[in-house]
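Novice: Got a structure for you, written out below as structure tokens; questions coming shortly.
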Amino acid sequence: MADLGGVCDGRFAEVAARLSENLDAGAELGASIAVMTDGEPVVDLWGGWADQGRTVPWRRDTITNVWSCTKTVTSLAALLLVERELLDVDAPVARYWPEFAARGKEGVLVRHVLSHTSGVSGWDRPVTVADVRDVPAATARLGAQAPWWPPGTASGYHLLTYGHLVGELVRRIDGRGLGRFVAEEIAGPLGADFHIGLADCEFGRVADVVPPPFRSSDLAGADRDGVAMRTFTGPLGGAEESWRPEWRRAEIGAASGHGNARSLARIHSVIACGGTLDGVRLLSPRTIDLIFRQQTDEPDLALGTHLRFGIGFGLPSPAVPYLPPGRICFWTGWGGSVIVIDTERRAAISYVMNTMGTGLLGSDWTAQYVKAALAALD
């Protein structure tokens, strides 16, 4: 059995056993898993390798690109502004960002952006990943373009635009960019090793992701001008983009966050524990309630599966069979990373890895670990 570092409460032995087995079998290259209950770490495990050559062990301070798990930290930044009564989820985006009203977007509300229903799920083509990394210019483009469907009528997953849109609201209201805001108002106060816009001096700790198998059928048959095709090709980029220094440095609040399971679980324990962790108060229960204010419960125009979105987070649905019903919110990252917040059990569960699996909302390994952790909490 593969050796693991860290600590694991005996109740969660199955979580540790699953991770060790998957590392030993080669299904995982390197990974970390964390569970916090009542603000205390009960699982903080890591193991395997940080590189494909298996020369650098995955260590306690290893971090990696967590892809769309970044969105949950970006959402928390917006909710922090809501808590401070600086942002109203029911107000038009244009109240804070006047230029956004262009081309029929004057009725787009803040909650539409936070629930992927704004109609702005990608950039009008042509657009490249390099364009997206230029956050100010890419954000201005989103402000100037027309929505792709009537805002507020359906969700269409904001694959990469989410962070630009929410990040611009943060910047317009607070004056700081998203990366600095998260560092100074969330990660720093909580002592969480999470970064949106990674400093060069941290590059040596990064475990590059191993891209999933390419499947040419993923968009086969999709309408070339439909929301799904336009979202996933606006822009089109592979996981190898995250290996570039330019990607690591970019403050892409939808996808370029770097961290590990411990940092994600610690940040989101604030939500699990009613808004306060270790004396740091970020949210009130009233603001947390907004997360569970359902915005959609229908097939998503971009992902093509039936999703439920609250404000800033996904909610349990049949598309995520490893999550039970209840007052749970979550989101996943491309390849399998995940953060699950259970406010009834006052628990946060996270998994971060470098070998990317297949699956729309988590991989097979994601489901294994989350189900084992939830079973231990019952």
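The values are calculated or read from the model by the stated rules, or taken from the named source; none is laboratory data. Quick caveat: nothing in here was measured; it's all calculated off a predicted structure. Neighbour counts are summed over all protein chains in view; Cβ atoms, including those assigned to glycine, are modelled from backbone coordinates with ideal geometry.
Novice: Going through 271, 252 one at a time, which residue ends up being aliphatic (A, V, I, L, M), at pLDDT 95 or above and under 17 Å from residue 333 (Cβ atoms)?
Specialist: Just one listed residue meets the conditions, 252.
Novice: Right, something else. Could you list, in sequence order, all residues of the stretch 365-378 that are more than 18 Å from the chain's Cα centre (by Cα) and either surrounded by fewer than 24 Cβ atoms within 10 Å (Cβ to Cβ) or not in a helix (DSSP H, G or I) (or both)?
Specialist: 368, 371, 372, 374, 375, 376, 377, 378
Novice: Which of the residues belonging to the stretch 70-107 are under 15 Å from residue 178 (Cβ atoms), part of a helix (DSSP H, G or I) and of a type outside the set (S, T, N, Q)?
Specialist: 71, 73, 76, 77, 78, 79, 80, 81
Novice: Would you be able to say whether some residue in the stretch 108-131 is at pLDDT below 95, closer than 19 Å to residue 231 by Cα and either touching a Gly at 6+ places or on another chain (Cβ under 6 Å) or not polar (S, T, N, Q) (or both)?
Specialist: Yes: the stretch 108-131 contains one or more residues that are at pLDDT below 95, closer than 19 Å to residue 231 by Cα and either touching a Gly at 6+ places or on another chain (Cβ under 6 Å) or not polar (S, T, N, Q) (or both).
Novice: Just one of 237, 163 is part of a helix (DSSP H, G or I) and not hydroxyl-bearing (Ser, Thr, Tyr); which is it?
Specialist: Details: 237 fails: part of a helix (DSSP H, G or I).
Of the residues listed, the single one that is part of a helix (DSSP H, G or I) and not hydroxyl-bearing (Ser, Thr, Tyr) is 163.
Novice: Going by what's in this entry, would residue 298 be described as closer than 30 Å to residue 183 by Cβ and among the acidic types (Asp, Glu)?
Specialist: No: the conditions fail for residue 298.
Novice: Got at least one residue in the stretch 344-357 being surrounded by 18 or more Cβ atoms within 10 Å (Cβ to Cβ), under 25 Å from residue 229 (Cβ atoms) and either charged (D, E, K, R) or without any contact (Cβ under 8 Å) to a residue 24 or more places away in the chain (or both)?
Specialist: Within the stretch 344-357 (the criterion being surrounded by 18 or more Cβ atoms within 10 Å (Cβ to Cβ), under 25 Å from residue 229 (Cβ atoms) and either charged (D, E, K, R) or without any contact (Cβ under 8 Å) to a residue 24 or more places away in the chain (or both)), the answer is no, since none of the residues qualifies.
Novice: Filter the stretch 130-167 for residues that are of a type in the set (Val, Ile, Thr) and under 20 Å from residue 246 (Cα atoms) and give the result.
Specialist: Answer for the stretch 130-167, where residues must be of a type in the set (Val, Ile, Thr) and under 20 Å from residue 246 (Cα atoms): 132, 135, 139, 161.
Novice: So, one more: Can you pull out the residues in the stretch 356-378 that are closer than 15 Å to residue 335 by Cα and among the charged types (D, E, K, R)?
Specialist: Within the stretch 356-378, 364 is the sole residue that qualifies.
Novice: Okay, moving on. Please name all residue pairs, on different chains or six or more residues apart, with Cβ atoms under 8 Å, provided the first residue is in the stretch 76-87 and is touching a residue at least 40 places away in the same chain (Cβ under 8 Å) and the second residue is acidic (Asp, Glu) and surrounded by fewer than 22 Cβ atoms within 10 Å (Cβ to Cβ).
Specialist: That search, which allows pairs on different chains as well, returns 77/185; 80/185; 81/174; 82/88; 86/174.
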